[in-house]
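To start, the structure itself, in structure tokens.
The values are calculated or read from the model by the stated rules, or taken from the named source; none is laboratory data. Everything numeric here is computed off the predicted structure, so don't read it as measured data. Virtual Cβ from ideal backbone geometry, glycine too; neighbours counted across all protein chains shown.
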Amino acid sequence: MLLSAIDVIAGYQPDLPILHGVSVDVAKGEIVAILGPNGAGKSTLIKAIAGLLPLTGGRITLAGQSIGGLPAHRLLHAGVSYVPQIGNVFTTLTVHENLRVAAHTLSGRYADRLERMYALFPDLAAKRRQPGRQLSGGQRQMLAFAKALVTEPSVLMLDEPSAGLAPKAAETIFEKVRELAQGGVAVLLVEQNVKSALRFSDRAFVLAEGRNRLAGTADSLRADPAVADIYLGKR
Ligand SMILES: Nc1ncnc2c1ncn2[C@@H]1O[C@H](COP(=O)(O)OP(=O)(O)OP(=O)(O)O)[C@@H](O)[C@H]1O
Ligand SMILES: [Mg+2]
């Protein structure tokens with residue numbers, strides 16, 4: 001596995017863990033969904049892996065090397081990129097400025113990388129001089145996505161990239177995610193929509209109350225009535 005999180009214990013206060021030993025992993029070129037009801041700890045897990053929350057237990061490895069406890073900027077350099085659930089676009093900066101800020105977290109030339117983003121997201125290319133606040137919800141998600149990609153990560157984590165989007169915009173996002181995975185990126189995807197998540201991912205982990213509840217291939221989980229029961233709080 002390219003990235004493994006093993007028995008992660010983390011939370012927002014040291015004496016109040018939200019994750020009570022959660023394990024997930026993702027291989028190169030794979031899309032792995034993290035599912036579970038509201039408050040299950042999905043975003044907390046992604047934040048812990050992204051280096052935004054301290055670990056009080058467990059291990060996180062990238063290509064076999066320990067990355068647990070590294071700060072977020074070090075993780076970006078190591079190739080782990082993250083699109084948060086909300087607040088991922090600077091509304092007063094233009095599309096281009098947003099991308100430049102994101103690209104600046106890495107040293108070296110970034111002009112080529114920006115052009116690659118515009119090739120990948122033609123809607124953003126057309127709006128490059130417009131401020132973030134003038135983008136539609138779908139375009140904002142695209143920009144957030146492009147900001148995470150401009151660092152050319154090997155692991156991309158997306159927290160509910162389709163939330164609040166029209167079906168067509170959501171579909172476009174998922175198609176881009178699929179393309180990236182085909183190009184070798186390991187994708188960890190948090191999704192509220194179980195059906196589309198299990199359609200787009202290779203494997204999934206279902207969490208509830210800060211613990212692993214189910215895991216398996218997307219195909220096996222699609223056929224498993226236990227998934228719906230977990231969402232309904234029945235088990
Ligand atoms: N910034 C925070 N400070 C303190 N507690 C938090 C914070 N963010 C989340 N929590 C708590 O952590 C628990 C898990 O929240 P988390 O956001 O990880 O859930 P989630 O699975 O992403 O849910 P959702 O589907 O609603 O996004 C919840 O009980 C929540 O109240
Ligand atoms: Mg969340």
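Only one of the listed residues (Leu99, Leu35, Leu45) is among the aliphatic types (A, V, I, L, M) and over 20 Å from Ala215 (Cβ atoms). That residue is Leu99. Screening Ala218, Ala197, Ala186 for residues that are on the phi < 0 side of the Ramachandran plot and at pLDDT below 95 leaves exactly one candidate, Ala197. All of Gly57, Gly41, Gly36 fail the test of being within 13 Å of ligand 2 (Cβ to nearest atom), in contact (Cβ under 8 Å) with a residue 40 or more places away in the chain and either under 14 Å from the mean Cα position of the chain (by Cα) or more than 28 Å from Arg199 (Cα to Cα) (or both), apart from Gly41.
For every residue, the table says whether it meets (1) in contact with a helix residue (DSSP H, G or I) (Cβ under 7 Å, 6 or more places away or on another chain); (2) within 12 Å of ligand 1 (Cβ to nearest atom); (3) of a type in the set (Lys, Arg); (4) at pLDDT below 95.
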| site | (1), (2), (3), (4) |
| --- | --- |
| Ala27 | no, no, no, no |
| Val32 | no, no, no, no |
| Gly41 | no, yes, no, no |
| Leu45 | no, yes, no, no |
| Ala50 | yes, no, no, yes |
| Leu62 | yes, no, no, no |
| Pro71 | no, no, no, yes |
| Leu75 | no, no, no, yes |
| Ala78 | no, no, no, yes |
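Residues of region 149-172 that are outside any loop (DSSP other than H, G, I, E, B) and buried (at least 22 other Cβ atoms within 10 Å of the Cβ): Leu149, Val155, Leu156, Met157, Leu158, Asp159. For region 69-97, which residues satisfy the criterion of being touching a residue at least 40 places away in the same chain (Cβ under 8 Å) and away from ligand 2 (no atom under 16 Å from the Cβ)? Answer for region 69-97, where residues must be touching a residue at least 40 places away in the same chain (Cβ under 8 Å) and away from ligand 2 (no atom under 16 Å from the Cβ): Leu76, Gly79, Val80, Ser81, Val89, Phe90, Thr91, Thr92, Val95. Determine if region 101-114 includes at least one residue that is at pLDDT 90 or above, of a type outside the set (Ser, Thr, Tyr) and under 30 Å from Gly233 (Cβ atoms). No, the conditions are met nowhere in region 101-114. Every test in (1) in contact (Cβ under 8 Å) with a residue 60 or more places away in the chain; (2) of a type in the set (A, V, I, L, M, F, W, C); (3) within 27 Å of Met1 (Cα to Cα) is passed by Leu180 save one, and that test is (1).
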